[in-house]
Structure formats: C-alpha cells, structure tokens
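Here the structure comes first, spelled out in structure tokens, and everything after it is commentary.
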C-alpha cells in the first residue's frame, strides 16, 4: 500500500486531537479538501553552497531519492500525506562520516508561485562537525516540507531553518533520530508565511545524545504560526532543552506546544523547556502549552515553564530619551528579545549571518505589512 492509500484510509484528525487542536488539518491542506491527495505539487529549486557562495567540499551533497522509512512514533496523517504529494520530489542530504566544515553551509529552497513540496532525508554520518542553514524563500501559496532521517553517532551539528517565504501556507514535519553521543542544535526562524503548521519530533534512542531546540518567531497582521515540538528520551543519559521565543504583532497568533517524553529505562535523562512570548499589540495572541510525560523515576531533572508579556514601556522610554525614533526603539527591543535564542543557534559566523537577515529586512518588512 502506498502513502496516498494509507493517508486516505486514516480518519481525518479531530479538533480534540492535541496536535491539531489549534490549527485544524483542513486549514493547512493545500486544497482544504482533506479527502484529496493533489497530484500537481511541484518540486522547488534546490541549491547547496557554502555561506560565501562557493561550492561545497567533497563529502556532502544532495542525491535524488530518499529513504522512506519513517519512525511510526510520528503523526501518520501529515507524514503519509507529505510522502504522497512529494513522491516525485524526494532527495537525500548525504554527509560522509568524519566530514567537517569551518564555514556554514546553506541549502536554499526556492519556490515559485505554485503549490510545492519536498521530502528531504538526512543521512548524516558518524563524527561529523558542521553547520547548515536551510533557507526557504519564494512565492508558493502552499509549501510542504518533510524532513526525515538521522544524525550519526558522535556528530556535532548546528541545523537552522529560516522560513522566509513571501506569504502562503507552510506545512513542515521533522522526524529526526539523534545518534549516540551526538550534539545537535536545531534552530527555527519563522517570519514569512501567513499560516505555519510545524510538527517537529526528535527521537533519542541512543545514550548520550545532547539536543537543543531553539525558536525565534515573529508574527504580524493576521498570521497564525503554530509549532508543535516533541522530544522523545528513550535511552539513558540523554539531555534536551527547548527554548522558544515568539513576538506577536497586529492581530496575529502564535502557538507553541512542547512535549517532552521520558520513557521507562531512560535513566539519567535531563529535559527542560521554556516558552517566552512578547505581545506587541492588544489584539495579538500567544498560546504556550509545555507538557511533560515522565515514566522513569531515575532522572536528573525534568521541568517546564512559560511567560507572556508586552514590550516594557520603561525600556521604550529609555531608548526614546536617548534619541531613538519610537519605531526604532520598538524594533531594537524586539531584536534583543529574538536574539536571545538566535545567539544560541551556532557559531559567531552563523549568528552574524542570522542577525544580518533580521536587520536587512526579514523582520522589519514583516512588521511593516
């Protein structure tokens, strides 16, 4: 049975389903008809270069085709749907073992003004050390992005996704396994699509894995940005931190739901999550729902928290008294808030590139819409 047939056999998720409670499935389906599997989804243009535009070195590349085995602990509805609509748009990011790069690598995904989709399998070997930015740009009214695969044992990886489309809907699924003693940072920067639904799941089946999941999210106008993050601790001595910052302007809404699961036998696990939301207008809304499910008593610690609040008027007044225009003062405070997670996503070089994106219009243009 192929993915399309499997999807059509699955009951459409109910609004009571935790994953789809805030953004119903039909609202991120490309046609709105959940009983349809469109066949006109187009492959976006891919390019893989060093950050300075030079070719990537030997040991890393994009290959046609993808390993389609995906852990059954992921949501079957979105996974099977994306596998079905991307059956002709499957690629593998192949990284040979012991690959290293001193300069970040950038994977650019360019969409046109048609519905587009991509299934990218990560096949990252053992003992690699590198940084990669996935930059999504373009004008697609709908873009579906499925990432599956694994990070090899002992690999050190900083992996940042920047969503910078002009508008439209972004449906994103991550289904990634973290290898033994791997050290992984996964960053998300979202500022473009009118509606985003992400289901990001990271599975730690091998001991010694170290994972940080970081978000820097800006919404405005009537955007709805919904991220669901699950981190599954299934092996002993695993560590994770989820730190998510969202700034909401206009009549927009952000949703952040985090689930940390510590399975029986995951002794010595250490898991924590924290959501911070900055409300920039009276009509903006931010919802954060951090959750824990701990089945092992012998853990280092498991915690969660959330905080919401407006821009500090005293800080605005201080900046304006030092000569800042009110708009400049507001943008400076938003930048500082979002930078608190940006600066944790990787190296100084990576951070400099990310802050330039923020300063050169990525976020400013959103606020002006």
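The values are calculated or read from the model by the stated rules, or taken from the named source; none is laboratory data. Please read these numbers as outputs of a predicted model, since none were measured by experiment. All Cβ positions, glycine included, derive from the backbone under ideal geometry; neighbour counts span all protein chains shown.
If I ask for residues that are in contact (Cβ under 8 Å) with a residue 24 or more places away in the chain, out of contact with any helix residue (DSSP H, G or I) (no Cβ under 8 Å at 6 or more places or on another chain) and in a loop (DSSP other than H, G, I, E, B), which ones from segment 42-57 would you list?
Answer for segment 42-57, where residues must be in contact (Cβ under 8 Å) with a residue 24 or more places away in the chain, out of contact with any helix residue (DSSP H, G or I) (no Cβ under 8 Å at 6 or more places or on another chain) and in a loop (DSSP other than H, G, I, E, B): 43, 44, 52, 56, 57.
Is it the case that residue 328 is modelled with pLDDT under 90, more than 30 Å from residue 183 (Cα to Cα), exposed (fewer than 15 other Cβ atoms within 10 Å of the Cβ) and touching a helix residue (DSSP H, G or I) at 6+ places or on another chain (Cβ under 6 Å)?
no
Those residues that are within 25 Å of residue 75 (Cα to Cα) and assigned to a loop (DSSP other than H, G, I, E, B), I need them from segment 133-163; list them, please.
Of everything in segment 133-163, those that are within 25 Å of residue 75 (Cα to Cα) and assigned to a loop (DSSP other than H, G, I, E, B) turn out to be 140, 141, 152.
Can you pull out the residues in segment 77-90 that are surrounded by 15 or more Cβ atoms within 10 Å (Cβ to Cβ) and either in a helix (DSSP H, G or I) or in contact (Cβ under 8 Å) with a residue 40 or more places away in the chain (or both)?
Across segment 77-90, the qualifying residues are 77, 78, 79, 80, 81, 82, 83, 84, 85, 86, 87, 89.
Checking the condition touching a helix residue (DSSP H, G or I) at 6+ places or on another chain (Cβ under 9 Å) and crowded, with 17+ Cβ neighbours inside 10 Å, which residue from 13, 38 passes?
Answer to the check: 13.
Hey, does segment 343-355 have a residue that's assigned to a helix (DSSP H, G or I), modelled with pLDDT under 90, buried (at least 18 other Cβ atoms within 10 Å of the Cβ) and in contact with a strand residue (DSSP E or B) (Cβ under 6 Å, 6 or more places away or on another chain)?
Checked against the condition, which is being assigned to a helix (DSSP H, G or I), modelled with pLDDT under 90, buried (at least 18 other Cβ atoms within 10 Å of the Cβ) and in contact with a strand residue (DSSP E or B) (Cβ under 6 Å, 6 or more places away or on another chain), segment 343-355 yields no hits at all.
In the set 221, 195, which member is surrounded by fewer than 21 Cβ atoms within 10 Å (Cβ to Cβ), in contact with a strand residue (DSSP E or B) (Cβ under 9 Å, 6 or more places away or on another chain) and more than 27 Å from residue 348 (Cα to Cα)?
When all the criteria are applied, what remains is 195.
Return the pairs, sorted by first residue and then second, in which the second residue is part of a strand (DSSP E or B) and loosely packed, with under 14 Cβ neighbours inside 10 Å, the first residue lies in segment 277-295 and is at negative phi and modelled with pLDDT under 95, the beta carbons are less than 6 Å apart, and the residues are 6+ apart or on different chains.
Every condition considered, the pairs that remain are 279/310.
Do the conditions hold for residue 18, that is, is it out of contact with any helix residue (DSSP H, G or I) (no Cβ under 6 Å at 6 or more places or on another chain) and modelled with pLDDT of 95 or more?
no
Picking from 102, 96, which residue would you name as being modelled with pLDDT of 95 or more and surrounded by fewer than 18 Cβ atoms within 10 Å (Cβ to Cβ)?
Answer to the check: 96.
Kindly evaluate residue 66 against the criterion of being in a loop (DSSP other than H, G, I, E, B), modelled with pLDDT under 95, out of contact with any helix residue (DSSP H, G or I) (no Cβ under 7 Å at 6 or more places or on another chain) and closer than 21 Å to residue 132 by Cβ.
yes
Taking segment 224-258 on its own, how many of its residues are farther than 23 Å from residue 293 by Cα, free of Cβ contacts under 8 Å to residues at least 60 places away in the same chain and crowded, with 24+ Cβ neighbours inside 10 Å?
Selection size over segment 224-258: 5.
Does any residue of segment 304-320 turn out to be assigned to a loop (DSSP other than H, G, I, E, B), at negative phi, in contact (Cβ under 8 Å) with a residue 24 or more places away in the chain and in contact with a helix residue (DSSP H, G or I) (Cβ under 7 Å, 6 or more places away or on another chain)?
The answer is yes; a qualifying residue exists.
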